[in-house]
Amino acid sequence: MALENHPMWRLPKHHLDHDDAHDHVHWVELFYDLIHVVIIFLLGNFLSDHLTVGGFLAFAGLFIAVWFAWADSSVFNSLYVSTDVKHRLIMSCQIVTAMVMAASIPHVLDKGWMYFALAYAANRMITAYLYHRTNRLGVEATVLSRTVSRNFFVLAIVFAISAFLPAPFNFLLFGLAIVSIQLLYMLPKVGVLECKRFLPRLGHMSERFALLLLIVVGEGFFKLVITLSEKGVYKVTPEVLFNFMFGGIAVFVHCWIYFDFVGNGKPKNQEKWTLVNWWLAHLFLMLTAVMVGVALAGEVKVGFWDPYPLKYGAIGCLGLASYLLCLLWIQYNIEERIAHRFATTKVRMFGVVLALVTLLALPYVPAIVGNLLWGTALISQIAIPVTRAYLTFSKEEQADV
């Protein structure tokens, strides 16, 4: 085998120029995801410690920033098949920047901000260099890699500047830079989405979204188990243990309704706004999944007859309603599946309305009633479609006979 044909020495190549590009995720990308297990957990802890409107806005801003850093790196790896040694070393450096970002989160509103912002700037600079490298190697003959590299390089400087500004100007500048990243993708005429070669491997990106969703939803297990272990599993009542197990089932059902109805789904077409909707819907889906995971920690803080902790209940109900709306949003933008015949808009809206009714009822009913209402809103999203599908297919089989 020629050296240049071996994965460890083969130069990056745009997937459209690749004869045998596949959609499978490379192990280096999976390893990069590992640090996001820690980041998402710490973001969940941050939200648990700041259950106020201001705290939620700070959490949402941090989550969006971290998600874009992950997604921008994933887009590069989807555009350019990159497996060589130098790429792996560059990715290891990017992992280190994410480690610093994670360690900064607990104190990000004060002394941790400078470390978070500088690590984020370095992360963006590395993404800029990845695109620059394809341009320097002659892998990309169009303006694509040069344009994206320039955009990330300039914004990395802006992020670095925000590290040294006093509050609230630091957060304002950082937020404007985050918005600018998306505008530089989406703006008509000047956005890179206008470039025909800015088309990631859609199967690859859908798999990337699904893998990160597993991490994000799975953090609910972390919150439940750690909260119970800190209290002492031998100290709690049977009621708390029941709530704990109910929370675990709820986490599982969240994954179930994602993977059966939209998971690994490719966009229904390659039009610009279809891709943008698919992208943003996954962002907000994952943000709301973290909200639900944090809210489920309240299950081990209460028995059957006391009201569910209101702050946890509020983010849980709003999180579930938003999660279901995001599922519907994704469903409208991906290729149609048989399952979509049964997971209709009416089914999703039933769950949304019931989750909001639960929010209104929480202060006035025991936790067991709140869990019953909220659980019905969630479990109906799989129970109704599965029941309808079973009855429909059974009738079709009988008719064939």
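Do we have Ile257 as outside any loop (DSSP other than H, G, I, E, B), open to solvent by 10 Å² or more (accessible area, probe 1.4 Å), at pLDDT 90 or above and β-branched (Val, Ile, Thr) here?
On the way: outside any loop (DSSP other than H, G, I, E, B): yes; open to solvent by 10 Å² or more (accessible area, probe 1.4 Å): no; at pLDDT 90 or above: yes; β-branched (Val, Ile, Thr): yes.
No, not satisfied.
With Val66, Val148 as the choices, which residue is open to solvent by less than 10 Å² (accessible area, probe 1.4 Å) and without any contact (Cβ under 8 Å) to a residue 40 or more places away in the chain? Don't jump to the end; show me each part of the working.
Details: Val148 fails: without any contact (Cβ under 8 Å) to a residue 40 or more places away in the chain.
After applying the criteria, what remains is Val66.
Looking at the range 314-349, which of its residues are of a type in the set (Ser, Thr, Tyr) and over 16 Å from His254 (Cα atoms)? I'd like the intermediate steps shown before the answer.
Step one: list which residues in the range 314-349 are of a type in the set (Ser, Thr, Tyr), which gives 322-323, 332, 344-345.
Listed by number, the residues that qualify are Tyr332, Thr344, Thr345.
Quick one: in the range 349-401, which of the residues that are closer than 17 Å to Ala339 by Cα and aromatic (Phe, Trp, Tyr) is most open to solvent (accessible area, probe 1.4 Å)?
Tyr390
Taking the condition open to solvent by less than 30 Å² (accessible area, probe 1.4 Å), of a type in the set (A, V, I, L, M) and in contact (Cβ under 8 Å) with a residue 24 or more places away in the chain, does Val25 pass?
yes
Scan (1) closer than 25 Å to Ile181 by Cα; (2) free of Cβ contacts under 8 Å to residues at least 60 places away in the same chain; (3) not charged (D, E, K, R) for the single condition His50 breaks and write down its number.
Every condition holds for His50 apart from (1).
Find the residue count for the range 219-253, including only residues that are among the small types (Gly, Ala, Ser) and buried (at least 19 other Cβ atoms within 10 Å of the Cβ).
We begin by selecting, within the range 219-253, every residue among the small types (Gly, Ala, Ser); these are 220, 229, 232, 247-248, 250.
Next, from what is left, pick out any that are buried (at least 19 other Cβ atoms within 10 Å of the Cβ): 220, 247, 250.
Total meeting the criteria: 3.
Could you tell me which of the residues Leu213, Leu173 is assigned to a helix (DSSP H, G or I), free of Cβ contacts under 8 Å to residues at least 60 places away in the same chain and open to solvent by less than 70 Å² (accessible area, probe 1.4 Å)? Even if it seems obvious, please write down each step before you answer.
Numbers: Leu213 fails: free of Cβ contacts under 8 Å to residues at least 60 places away in the same chain.
The conditions single out Leu173.
If you check Leu212, Leu193, Leu173, which single one turns out to be of a type outside the set (D, E, K, R), more than 26 Å from Leu89 (Cα to Cα) and touching a Phe, Trp or Tyr at 6+ places or on another chain (Cβ under 8 Å)?
Numbers: Leu212 fails: more than 26 Å from Leu89 (Cα to Cα); Leu173 fails: touching a Phe, Trp or Tyr at 6+ places or on another chain (Cβ under 8 Å).
That would be Leu193, the only listed residue that is of a type outside the set (D, E, K, R), more than 26 Å from Leu89 (Cα to Cα) and touching a Phe, Trp or Tyr at 6+ places or on another chain (Cβ under 8 Å).
Tell me which of these Trp273 doesn't satisfy, since it passes every other one: (1) open to solvent by 60 Å² or more (accessible area, probe 1.4 Å); (2) within 30 Å of His15 (Cβ to Cβ); (3) among the aromatic types (Phe, Trp, Tyr); (4) within 17 Å of the chain's Cα centre (by Cα).
(4)
I'm told Val233 meets every condition in (1) outside any loop (DSSP other than H, G, I, E, B); (2) of a type in the set (A, V, I, L, M); (3) at pLDDT below 90 except one. Can you identify the failing condition by its number?
So the condition that Val233 fails would be (1).
Could you grab me the full set of residues in the range 323-343 that are of a type outside the set (D, E, K, R) and open to solvent by 40 Å² or more (accessible area, probe 1.4 Å)?
Hits for the range 323-343 are Leu325, Trp329, Tyr332, Ile338.
Any chance the range 78-87 includes a residue that's assigned to a helix (DSSP H, G or I), surrounded by fewer than 21 Cβ atoms within 10 Å (Cβ to Cβ) and either modelled with pLDDT of 85 or more or polar (S, T, N, Q) (or both)?
yes
Any residue at all in the range 216-229 that's in a helix (DSSP H, G or I) and over 24 Å from Ala367 (Cα atoms)? Spell out the reasoning first.
Restricting attention to the range 216-229, the residues satisfying the condition of being in a helix (DSSP H, G or I) are 216-229.
Adding the requirement that they be over 24 Å from Ala367 (Cα atoms) leaves 216.
Yes, the range 216-229 contains at least one residue that is in a helix (DSSP H, G or I) and over 24 Å from Ala367 (Cα atoms).
Can you tell me which condition Arg201 does not meet? The list is (1) touching an Asp or Glu at 6+ places or on another chain (Cβ under 7 Å); (2) under 19 Å from Arg124 (Cβ atoms), and all the others hold.
Of (1) touching an Asp or Glu at 6+ places or on another chain (Cβ under 7 Å); (2) under 19 Å from Arg124 (Cβ atoms), only one is false for Arg201: (2).
Filter the range 309-320 down to residues that are of a type outside the set (Ser, Thr, Tyr) and either surrounded by fewer than 23 Cβ atoms within 10 Å (Cβ to Cβ) or at positive phi (or both), then give me how many there are. Write out each step before concluding.
The first filter runs over the range 309-320 and keeps only residues of a type outside the set (Ser, Thr, Tyr), leaving 309-311, 313-320.
Checking the rest, the ones that are also either surrounded by fewer than 23 Cβ atoms within 10 Å (Cβ to Cβ) or at positive phi (or both) come to 309-311, 314, 318-319.
So the answer is 6.
Where residues in the range 127-144 are assigned to a helix (DSSP H, G or I) and in contact (Cβ under 8 Å) with a residue 24 or more places away in the chain, which of them is nearest to Gly112 (Cα to Cα)?
Of the residues in the range 127-144, the ones assigned to a helix (DSSP H, G or I) are 127-136, 144.
Checking which are in contact (Cβ under 8 Å) with a residue 24 or more places away in the chain leaves us with 127-131, 133-134, 144.
Numbers: Thr127: 23, Ala128: 24, Tyr129: 26, Leu130: 27, Tyr131: 29, Arg133: 32, Thr134: 34, Leu144: 35 Å.
Per the criteria, the residue is Thr127.
Being farther than 25 Å from His22 by Cβ and among the aliphatic types (A, V, I, L, M) is the filter here; which residues of the range 70-107 pass it? Before you say what the answer is, go through the steps one by one.
As a first pass, look at the range 70-107 and keep what is farther than 25 Å from His22 by Cβ: 93, 96-107.
Answer for the range 70-107, where residues must be farther than 25 Å from His22 by Cβ and among the aliphatic types (A, V, I, L, M): Val96, Ala98, Met99, Val100, Met101, Ala102, Ala103, Ile105.
To keep it simple, each residue is scored yes or no on (1) surrounded by 18 or more Cβ atoms within 10 Å (Cβ to Cβ); (2) among the charged types (D, E, K, R); (3) in contact (Cβ under 8 Å) with a residue 12 or more places away in the chain; (4) closer than 16 Å to Ser74 by Cα.
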| site | (1), (2), (3), (4) |
| --- | --- |
| Phe169 | no, no, no, no |
| Cys195 | no, no, yes, no |
| Gly203 | no, no, yes, yes |
| Arg208 | yes, yes, yes, yes |
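Does the range 102-113 contain at least one residue that is within 19 Å of Arg201 (Cβ to Cβ), outside any helix (DSSP H, G or I) and not basic (Lys, Arg)?
Let us first name the residues in the range 102-113 that are within 19 Å of Arg201 (Cβ to Cβ), namely none.
Within the range 102-113, not a single residue is within 19 Å of Arg201 (Cβ to Cβ), outside any helix (DSSP H, G or I) and not basic (Lys, Arg).
The values are calculated or read from the model by the stated rules, or taken from the named source; none is laboratory data. This one's a predicted model, so the numbers in the text were calculated from it and none came from an experiment. Virtual Cβ from ideal backbone geometry, glycine too; neighbours counted across all protein chains shown. Calculation scope for accessible area: heavy atoms of the full protein, side chains included, ligands and nucleic acids excluded. Shrake-Rupley method; radii C 1.70, N 1.55, O 1.52, S 1.80 Å.
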